[in-house]
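Working notes, beginning with the structure itself.
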Amino acid sequence: MTGTGDRMKEPIHISVRPLVEYVHRSGSIQSGFRSNSSMQEGTRVHQVIQKGYKEHDRKEVHLRTEISYEGKLFIIEGRCDGLIELDGVWTVDEIKSISQPLEDIQGDGHPVHWAQAFLYAYMIAREEQHHSMQVQLTYVQSHSEDIRRFRRMLSFAELEAFTQEMIAGYAPYAFLLRAHAEKRDASIAILDFPFDTYRSGQRTLAGSVYKTIAEGVNLFAKAPTGIGKTVSTLYPAIKAIGEGLARRVYYVTARTTTRAAAEEAYARMQAQGLHMHVVTLTAKDKICFKDEHDCDAGSCSMCEGYYDRINGAVSDILANETLMTRAVIEHYARKHKVCPFEFSLDVAYASDGIISDYNYVFDPRISLKRLLEEHKRKGVVLVDEAHNLVERGRDMFSAEILKSSFLELKREFKLLSPEVAKTASAVNAHMITLRKLHADTGKAVETAAPQEVLELLVPFVEAAERELVMGNSTSRASSESTAYALLLDTYFTAQNMLRIAALYDERYVTYSEAGRSEVRIKLFCLDPSHLLGQAVKNYRSTIYFSATLTPLAYYRDMLGASEEDYTLQVPSPFHQEQWDVRLLPLSIRYRDRERSKGAIADMLAGLVAERKGNVLVFFPSYPYLREVYEEFMLRDVSADTLVQSPGMTEPERDRFLEAFQPGQERTLLGFAVLGGVFAEGVDLPGDRLNGVVVVGVGLPQIGAERDVLRDYFSEQGRNGFNYAYVYPGMNKVLQAGGRLIRTEHDEGLLVLVDDRFAKEPYASLLPDEWKSYRLMEQAGLRKEWMDYEF
């Protein structure tokens, strides 16, 4: 462990690119289109240029230098594209691929590019004792491979002065981070567990998390609702930072409610003296100050001059704040007039803790791309509600295209861009052929990737990119703006299709669906385990935890566990007496729903007639919820009701939950759907929630894609029906029922409505405390309810 005061003596490590970007980045967030293929194109372009080097020229030259400044040692590392000899002069060649036309380059190149090349030149000149160095910027148009070069000659004295000036520009920020790190480590060293005592199972979970991080492996932990999983995973991860085992903690989850729980845990520890920079990342469409999210310096003052102000904004917030929630980010964004979303990302790269959606770690389209590999190696990922990651992983690693988009582009761009129209027409024609080919069934499942359509998408993407780049600065009529918006959306969709195609292997199928007016081609990721594992393989440890990792073997399989990864099952801290579990053995299969809805309405009416309290009633679908609700309202009952509707806004969801207050005069019934926003991540302790009714075993709707999953896993030797239907469905049930008992003082009634709960495989998936249920008869339900006191 680094001792208090020692950290200020340690060298400051920085790579060339982030150093020059911090000091020399300027200007505005650019409007319009930016190429989504720059990384792949950049690699290809570099290889093309480097193939032209002479035998004694060097490429990809690793460089390292040490510079003292104000008593601190800066260690700078980087990789130079090329060190070549031109007319007897050693020259640093910095290669940049660009998608816009070469004539659009202003002046003699971008200042950041020159700064990067100058620093490489200084490092080489210093090491090899050159009195001067030539620097060359090589710009390559990525599609045409046309080249434009700029050269400058600098003396060693000029390069040295430039480098010292750059270090001087970066040093205050580096010293700020270094002082913070020392204060952080000192606070962690004396940080106690943020509660007076551990709940039953908390110490076991916290100890297992720390051991896992220390060994650099992963953990799959099934820990019951109410145990305090958030603090039990965060606390040992923070201690690992203090011990030098980790550098950053990523707390990732699928829902806003669980992100709030992480913020509360950090706040509690900070109230006890913890000093850590923690930022919450909020989706761009939620945090943007504008109604229309147009990142245009001409129409958004927060984008104009963003890079001129961002360093000051980041330093200000880091110097004055530790827990940087959405509200804090918005406050400083307004203060410094910077885009709040981009600001939060810039703050994240300097923070000790990040709270975010799964996407920022697992999704290849959205992940924190500027994160250096050495930071990943000292990063700990805490995956909250990890049961959600299986389906989210499938979505992240799947891609699809629709015929209608290409047909519309063919029509809209006939005059605007014949090249776009032609390439879109080719994709549309192929999909028409596909529809004719599968006219009998309307569907097709193939194990091979759809090479023909993928080959057609390549020229479409290239044509779309050229058109979007050229159209960046062009003013358009509103009708043209609509066409270009469609082109941009379809471009990204096609790019994603090609990106996912590069991942395509035996864990994928190509699923095609054709109707009268639409054709859909989907690269369907059936088993995301390998790709999920790849996404976190470079992090030190990943902790997957949830109350409903049931069965654990299934989740280990689907989340990519390796043999050395640990598994932990924490027993429930709650007593059997806290639960009153009843089973109403109705058939609610689709064919029986007309008969069952009356019996369910009668049961709910009986509940209201006998006792007061707050009850959540969960249904497998919105239509069935609505049918039972309407049937219930025909009864003569004295109760208040709330009904979840599709697409509720955040304020509407908040009002729904705020209605669940203790001590109300009338019974409150909240009608909601399994797997929805009220079925997990919701905490209503004490008398805020007295009962939960779960209708159905939660099976996903039977459909072609689910059947493809079933058949695939059956062929792999697993139980395909369980993998595709039962396990995902029962997880929704367990999450919904888990809303009831949240603390050791809670008591409540749980009613399971479905005869399948008494049969396998469903019965064995129930928690132990639910298995001692009492059977309810379908008639005479009111007498059963009279026995229960809320």
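General remarks:
- Taking every C-alpha pair closer than 8 Å and separated by at least 6 residues, the mean separation divided by the residue count of the chain gives a relative contact order of 13 percent.
- Neighbourhood net charge (9 Å Cβ-Cβ; Lys/Arg +1, Asp/Glu -1) for ALA463: -2
- On Cα atoms only, tilt of 622-633 relative to the major axis of the chain in degrees: 30 degrees
- Taking a Cβ cut-off of under 14 Å around LEU137, the surrounding Lys, Arg, Asp and Glu residues balance to a net charge of +1, with basic ones at +1 and acidic ones at -1.
- Residue among THR91, MET166, TRP114 farthest towards the positive dipole end of the range 53-188, charges placed on Cβ: MET166
- Straight Cα distances below 13 angstrom link LYS443 to the aspartates and glutamates GLU513, GLU518, GLU705, ASP707, with same-chain residues fewer than 8 positions distant left out.
- Pairwise Lys count, the range 7-172 - Cα closer than 19 Å, eight or more residues apart or different chains: 4
- Of all accessible heavy-atom area on the chain, the percent that carbon and sulfur account for (1.4 Å): 48 percent
- Viscosity 0.692 mPa s, 37 °C: Kirkwood-radius Stokes-Einstein D of the range 401-527 over Cα pairs, µm²/s: 217 µm²/s
- Out-of-range pairs (alpha-carbon distance over 30 Å; input LYS284/LYS414; LYS286/LYS335; LYS376/LYS403; LYS597/LYS732): LYS284/LYS414; LYS376/LYS403
- Charge dipole (debye, nearest 20) of the range 401-527; +1 at Cβ of Lys and Arg, -1 at Cβ of Asp and Glu: 400 debye
- Rounded to the nearest 20 debye, dipole of the range 664-732 from Cβ charges on Lys, Arg, Asp, Glu: 80 debye
- In the calculated pair-distance distribution of the range 301-419, the portion above 26 angstrom amounts to 44 percent of the Cα-Cα pairs.
- Relative contact order %, the range 401-527, counting alpha carbon pairs below 8 Å whose residues are six or more apart: 36 percent
- Share of alpha-carbon pairs per 10 Å distance bin for the range 98-137, given as whole %: 26, 42, 22, 10
- Under the shape rule built on the C-alpha gyration tensor, where the axes satisfy a ≥ b ≥ c, the range 196-354 is prolate, since a/c reaches at least 1.5 and a/b is greater than b/c.
- Shape category assigned to the range 492-547 from the gyration tensor of Cα positions, a/c cut at 1.5: prolate
- Accessible surface, per residue, of the chain when the full set of protein chains is kept, probe 1.4 Å, Å²: 44 Å²
- Rounded to the nearest 20 debye, dipole of the chain from Cβ charges on Lys, Arg, Asp, Glu: 440 debye
- Listed options for Kirkwood radius over Cα pairs in Å are (1) 29.7; (2) 32.8; (3) 39.4. The value calculated from this structure is the one marked (1).
- Local electrostatic count, TYR170, Cβ distance below 14 Å [Lys/Arg +1, Asp/Glu -1]: +1
- The 3J(HN,Hα) values that the Karplus relation (6.51, -1.76, 1.60; θ = phi - 60°) gives for the range 163-175 are, in residue order, 5, 4, 5, 5, 4, 4, x, 8, 4, x, 5, 5, 5 Hz. Gly and Pro appear as x.
- Taking the charge dipole of the chain about its Cα centre, with +1 at Lys and Arg Cβ atoms and -1 at Asp and Glu Cβ atoms, the residue from TYR251, TYR53, ALA763 reaching farthest to the positive side is ALA763.
- Here the range 197-251 is treated as a sphere whose radius is the Kirkwood value from Cα pairs; by Stokes-Einstein at 20 °C and 1.002 mPa s it diffuses with a coefficient of 188 µm²/s.
- Among 393-400, 557-564, the peptide with the highest mean count of other Cβ atoms within 10 Å heads the list, and the full ranking is 393-400, 557-564.
- Highest mean packing first, where packing is the average number of other Cβ atoms within 10 Å per residue, the peptides 218-228, 459-469, 317-327 line up as 218-228, 459-469, 317-327.
- On Cα atoms only, tilt of 306-320 relative to the major axis of the chain in degrees: 60 degrees
- Axis angle, to the nearest 10 degrees, between helix 593-610 and the longest C-alpha principal axis of the chain: 80 degrees.
- Residue (of ASN690, GLY703, TYR725) at the positive-pole extreme of the range 684-728, dipole from beta-carbon charges: ASN690
- Judged by the ratio a/c of the largest to the smallest principal axis of the C-alpha gyration tensor, the range 7-172 counts as oblate, that ratio being 1.5 or greater while a/b is no larger than b/c.
- Two numbers describe the Cα atoms of the range 576-775: Rg and Dmax, which are 16.9, 56 Å.
- Annotation: peptides 123-130, 720-727, ranked by per-residue average of other Cβ atoms within 10 Å with the highest first, follow the order 720-727, 123-130.
The values are calculated or read from the model by the stated rules, or taken from the named source; none is laboratory data. Quantities reported herein were computed from a predicted structural model and do not represent experimental measurements. Here the Cβ is made from the backbone with ideal geometry for all residues, glycine too, and neighbour counts use every protein chain on show. Calculation scope for accessible area: heavy atoms of the full protein, side chains included, ligands and nucleic acids excluded. Shrake-Rupley method; radii C 1.70, N 1.55, O 1.52, S 1.80 Å.
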